[in-house]
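Report on the following structure.
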Amino acid sequence: MEYRILGKTGLKISTLGFGGIPIQRIDAEGTKTLVRQMAAAGVNYIDTARGYTVSEEYLGVALEGMREQFILATKSMVRDKEGMANEIEISLKNLRTDYIDLYQFHNPNAAQLEQILAPGGAMEAMLEAKAAGKIGHIGVTLHSKEVFEKVIEYDWVESVMFPYNIVETQGEELMAKCAEKNIGFICMKPLAGGAIEDATLALRFIAQNPHVTVAIPGMAEAKELEQNMAAMCDQRPLTEAELTQIQQIRQQLGNNFCRRCGYCAPCSAGIGIPAAFVAEGYALRYGLREYGEKRYEASGAPASSCVDCGLCEERCPYQLPIRNMLKKVAETFGK
Ligand code: SF4
Ligand code: SF4
């Protein structure tokens, strides 16, 4: 396993970390097994969030007796002081620890960032928790490039988490700036939210960029862990064949693809927006028409029931033209 220093935090972390989202799909016992496997493999970085339902709790149980072997990071979407102080206490309780290495502001937009930093904002709670030794370092997770540009000018930012993968390279220049300013860069969505099927190629691409401190793919089994480790630790340059594959993926997915973050929900008409796009992907990209139709049936109201309110597009951090994209889904499935 390769280790790098996470910017100003000085923490030495494995270049392959663990993204805690998939824990929602497995149980507490499965989480324990996975955590033991990670420790054995030398993966020492775990990222979770207050928003990932049971993730913090399952990890807390799994980490009992093993806390010291890991660097723990979590995050909260609360923006005010009182709320954030409460969130930190909940995280500590859930994770069954008295110290969290890195606490992050979870995906603030520009207005929310102002609120965080204003008097009575969440930053005050973070600084108090840091002074009290409850958290070690402060970071921020983002989807917006504009906010990314802004935050790296602040001295308090010790790490930034932002999407970076074969089809989302919009942060590359800012990642280099992070390195200049000694801010750790945590790569989220290394597989573009599951849109990139070939995990090995996706991580090989990321491993080529020296400005990435750690990538945090979601993993639910030992096999994925082994495969991801091999890819992240493989420093050989990309081959011609791999570069061709990367071009093909870029052409196939384009810029208008859904990362399944779910921020667009709830839809006014009951459409399961990301699930509808996933179903379309099965039908069109993977040649699994029948399976795609089944998934579409189970995804919620059909895309054709969109009432054009536009609320989903206001919430989508990628500014996707969701309504137009749903029209294509409706054409694909005939409803
Ligand atoms: S514009 Fe359509 S898809 Fe978006 S929230 Fe409104 S009804 Fe749902
Ligand atoms: S449409 Fe946008 S907000 Fe909704 S899941 Fe996809 S990327 Fe996220």
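The values are calculated or read from the model by the stated rules, or taken from the named source; none is laboratory data. Fair warning: this is a prediction, and the values are worked out from it, not measured in the lab. Here the Cβ is made from the backbone with ideal geometry for all residues, glycine too, and neighbour counts use every protein chain on show. Only protein heavy atoms, including side chains, enter the accessible area calculation; ligands, DNA and RNA are left aside. Shrake-Rupley method; radii C 1.70, N 1.55, O 1.52, S 1.80 Å.
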In the chain, what percentage of the DSSP-assigned beta bridges are antiparallel, given to the nearest 5?
15
Over the alpha-carbon set of segment 207-283, divide Rg by the Kirkwood Rh and report the Rg/Rh ratio to two decimals.
1.05
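If you average the sequence gap of Cα pairs under 8 Å that are 6 or more apart and divide by the length of segment 122-269, what percent do you get for the contact order?
Worked out over segment 122-269, it gives 19 percent.
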For the chain, what is the largest minus smallest coordinate of the Cα atoms on each principal axis, given in angstrom and ordered from greatest to least?
59, 47, 41
Compute the distance in nm between two label points, each set 7 Å from the Cα along the Cα-to-Cβ direction, one at residue 235 and one at residue 3.
1.6
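May I ask you to rank 3, 45, 318 by accessible area, largest first, using a 1.4 Å probe over the protein chains only? Walk me through the numbers before you get to the answer.
Working: 3 90, 45 0, 318 30 Å².
Greatest to least solvent exposure: 3, 318, 45.
Averaging over all projection directions, find the projected area of the Cα convex hull of segment 141-201 and quote it in nm² with one decimal place. Intermediate values should be presented prior to the final figure.
Working: hull surface 16.3 nm².
One quarter of the hull surface, i.e. the mean projection, equals 4.1 nm².
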At R0 = 35 Å the Cβ-Cβ FRET efficiency linking residue 127 and residue 61, nearest 0.05, sits at 0.70
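Roughly speaking, what is the stretch gain from residue 53 to residue 301, that is 0.36 nm per residue apart minus the C-alpha to C-alpha distance, in nm to one decimal? Spell out each step's value before the answer.
Values: separation 248, 0.36 × 248 = 89.28 nm, distance 2.46 nm.
Additional length available on full extension: 86.8 nm.
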Proximal lysines relative to residue 327, as straight alpha-carbon distance under 25 Å, when same-chain residues fewer than 8 apart are discounted:
294, 335
If the cut-off is a Cα-Cα distance under 17 Å, which aspartates and glutamates reach residue 12, setting aside same-chain residues fewer than 8 apart in sequence?
2, 47, 68, 101, 158
For a quick check: with amide H placed at 1.01 Å from N, whose amide H comes under 5 Å from residue 71's, ignoring anything fewer than 5 positions away on the same chain?
45, 46
Placing each pseudo-label 7 Å from Cα in the direction of the beta carbon, residue 40 and residue 80 end up separated by a distance in nanometres of 4.8
Bounding extents of segment 1-71 in its principal axis frame from Cα atoms, largest first in Å, are 32, 25, 18
Which whole-number percent gives the relative contact order of the chain, counting Cα pairs below 8 Å spaced six or more residues apart?
14
Lysines near residue 150 by alpha-carbon distance under 25 Å, same-chain residues fewer than 8 away left out - which ones?
8, 75, 81, 130, 177, 181, 189
Simple spin-label estimate for residue 181/residue 69, 7 Å along Cα→Cβ, in nm, reads 3.6
Ratio for segment 82-181, C-alpha Rg to 2.2 N^0.38 Å, reads 1.12
